[in-house]
Amino acid sequence: MNQQKIGGLLRELRKERGITQEQLAETLGVSNRSISRWENGNNLPDLDLLIQISEYFQVDLEEILSGERKEAEMDQKTKETVLQVADYSNQEKLRMTKKVRAMLLVALAAFAVYFIIDFCELRMQSPYEEIASFALGLVLGGLLCGVFFTTRYGEKLRAAKRRLLSRK
């Protein structure tokens, strides 16, 4: 603890509030000489007075004891960083949701093609047999991918992909 820094912070807080040493002393129930000693870094207030001072100036006790104010700018930078990370995460989730929807739509379209071929009983004819098999493969692949990407295994798969890509 640096008494000079603590004293400087106490002076700064008092001046921000626009009060004199006498007014602060009266509020805290001490002499104005005590306030002067604190601000000059000659003495420190007792712990109970430090708590009262922190409540009066609406600052953390930690700030007073360190002699420095928490930087609002630093807190703002931290908030901005967290918001950027959250935005990125949301964008990734949105991108993944769009991919899953596209896969499921392709699977649905392939199922419709397979259903039409099967319903018209064209599945045993030469070109339609390959088309039906391909459509059924798309349906199965789309459903498996949809299940994979909408469960916890999808996140594990994406994490593994990121690890592999970061090695390159």
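Key figures
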read-out: Residue in the stretch 48-71 that is of a type in the set (Phe, Trp, Tyr) and touching a Gly at 6+ places or on another chain (Cβ under 9 Å) present; value: no
read-out: Lone unmet requirement of (1) in a helix (DSSP H, G or I); (2) out of contact with any Pro (no Cβ under 6 Å at 6 or more places or on another chain) for Trp38; value: (2)
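A quick yes/no check of all residues on (1) over 30 Å from Arg158 (Cα atoms); (2) without any contact (Cβ under 8 Å) to a residue 12 or more places away in the chain; (3) within 46 Å of the chain's Cα centre (by Cα); (4) assigned to a helix (DSSP H, G or I):
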{"site": "Ile116", "(1), (2), (3), (4)": "yes, yes, no, yes"}
{"site": "Arg123", "(1), (2), (3), (4)": "yes, yes, no, no"}
{"site": "Glu129", "(1), (2), (3), (4)": "yes, yes, no, yes"}
{"site": "Cys145", "(1), (2), (3), (4)": "no, no, yes, yes"}
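Rule-based calculations on the coordinates, nothing more; no lab input. Worth saying up front: this structure is predicted, and the values here are computed from it rather than measured. For neighbour counting, all protein chains shown are included, and Cβ atoms are generated from backbone atoms with ideal geometry for every residue, glycine included.
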